[in-house]
Amino acid sequence: MQEFKNIIIGFGKGGKTLAKNLAAKGESVLVVEKSKKMYGGTCINIACLPSKNLIINAQRGIKFEDAVKQKDEMTTALRNKNYHMVADEETATVLDGTAKFVDNHTIEIVLDSGEKTKIKGERIFINTGATPIIPQVKGLKESKYILDSTAAMDQNSLPNELVILGAGYIGMEFASMFARYGAKVTVLDTNEKFLKREDDDISEMIFNDLSQDGIEFNLGVKVVEVRDLSDKVEIVYEINGQKRTVKADKLLVATGRKPVTEGLGLENTDIKLDERGAIKVDDYLRTTAENVWAIGDVKGGPQFTYISLDDFRIIFDQLYGKGERKVSDRKLVPYSVFTTPALSRVGLNEVEAKNKEIEYKLFKLAATSIPKAKVIGNTRGMYKILVNPDTEEILGATIYGEESYEVINLIALAMKAKLPYTMLGDQIYTHPTMSEALNDVLKG
């Protein structure tokens, strides 16, 4: 039986980076990936990069069909680059196939040819990612008009009418994007409150802006049935005790993602799952089986590619560093939602601060007063920054506005360094930029 020092199941962000670095140390590495279209992982192939490319091209006014072609060219180039980043290493091997555990350190791989082979690994890293959740609704799974986030970006033509099931962050990115391309978008969501994790003034502003863009929202609904018609899909739902229907060319399901553990053969190992179906790990990403780790979305928690990259740092620090990095150190993780304009956040917002009875000083600025927003031509949005009145350190920030995804990283860095807010408020920024708005919003 063939043996490797390291086996990595899945070619995602954390796994591929780990494979590259371990091979650079001269260690033997096997990466098993079941899809040739997933070299490099979810982000570059079916999530962050292709979706943002489509979003930007929508803002540029490029036709949907042309934008999809550009997206495909980009992902093909990135996929090829990521494959060779690992495969070209002298001690690395990439196999196309599906891996299943036989025991804690033996996997069986079904290759594309149908041939089966068993391989032992001294260390094994599970990097299988997450997959879309399809709710239990009559007729939903069987519908030929259903799209998940991957299929939505691979359409040959723009759906004239699109229904999106789910008003979470992923749903809102797609709603904003498709509306920009000219589709009539209707959003259905079970929650009565829109973006309930955000402050009311922020969520209300986003709701109004998206509605102004032509997106129709139906909140607090129960989807009862999905029916395929001759050339459309019909969604039956209940709202306020009344049954209603809406028809569309396509139905995009954006109701979250779950860890990919099915078919891994974990029942043949000592690896345990938590109550949400994610692989249980400790503070160092070690599973309940010795010398087996989990990386990225499969272990639960925030589903961001930059979290997967940090997972790599934690594991590599154990193998070749001081062993000091751990998951619990990640107290400040910013995130962005790429609507138009984008929503970005780090740390506490007002709702959370009040719930935790934390005193704060609020700094607030409307994006209409920011010169760069006028230059871009989109003055929607608001900056909100919470500061500890005693230490003058920043407790959190919510930025809804153009290029917020850049500004939020600057604030997160200041928070991690425990800098006083005045440091950002007095900083000399280039002009015109969205970051220079911190001079105005953080006036003493």
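Below, the figures for the structure above:
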item	result
Counted residues, segment 2-54 - those being more than 15 Å from the chain's Cα centre (by Cα) and at negative phi	34
Residue selected from segment 75-124 under the condition among the small types (Gly, Ala, Ser) and under 28 Å from residue 52 (Cβ atoms), by the criterion surrounded by the fewest Cβ atoms within 10 Å (Cβ to Cβ)	77
Residues satisfying the stated conditions in segment 127-156, i.e. closer than 27 Å to residue 40 by Cβ and of a type in the set (S, T, N, Q)	127, 128, 131, 149, 150, 155, 156
Residue selected from segment 95-114 under the condition at pLDDT 95 or above and either in a loop (DSSP other than H, G, I, E, B) or of a type in the set (Gly, Ala, Ser) (or both), by the criterion nearest to residue 40 (Cα to Cα)	97
Pairs, first more than 17 Å from residue 136 (Cβ to Cβ) and touching a residue at least 40 places away in the same chain (Cβ under 8 Å) in segment 228-245, second in a strand (DSSP E or B) and of a type in the set (Gly, Ala, Ser), C-beta under 6 Å, six or more apart	233/248
Sole exception among (1) polar (S, T, N, Q); (2) outside any loop (DSSP other than H, G, I, E, B); (3) surrounded by 22 or more Cβ atoms within 10 Å (Cβ to Cβ) for residue 128, by number	(2)
Residue in segment 63-73 that is in a loop (DSSP other than H, G, I, E, B), exposed (fewer than 15 other Cβ atoms within 10 Å of the Cβ) and within 24 Å of the chain's Cα centre (by Cα) present	no
Positions within segment 260-306 being under 22 Å from the mean Cα position of the chain (by Cα), hydrophobic (A, V, I, L, M, F, W, C) and not in a loop (DSSP other than H, G, I, E, B), in sequence order	273, 279, 293, 294, 298
Where residue 135 falls short, out of the listed (1) in a strand (DSSP E or B); (2) in contact (Cβ under 8 Å) with a residue 60 or more places away in the chain	(1)
Pairs with Cβ under 8 Å, 6+ apart, first in segment 58-77 and on the phi < 0 side of the Ramachandran plot, second basic (Lys, Arg) and modelled with pLDDT of 95 or more	58/180; 59/180
Which numbered condition residue 311 fails, given (1) under 19 Å from residue 40 (Cβ atoms); (2) in a loop (DSSP other than H, G, I, E, B)	(2)
Qualifying positions in segment 230-258 - closer than 28 Å to residue 99 by Cβ, out of contact with any Leu (no Cβ under 8 Å at 6 or more places or on another chain) and assigned to a strand (DSSP E or B)	257, 258
Where a residue in segment 83-96 is under 11 Å from residue 33 (Cβ atoms) and its partner, wherever it lies, is surrounded by fewer than 18 Cβ atoms within 10 Å (Cβ to Cβ), with Cβ under 6 Å and at least six apart	94/87; 96/36; 96/112
Options 193, 120, 100: the member that is at negative phi and out of contact with any helix residue (DSSP H, G or I) (no Cβ under 9 Å at 6 or more places or on another chain)	120
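The values are calculated or read from the model by the stated rules, or taken from the named source; none is laboratory data. Predicted, not measured: the structure shown is a model, and the values here were computed from it. With ideal geometry, Cβ positions are generated from the backbone for all residues, glycine too; neighbour counts draw on all protein chains shown.
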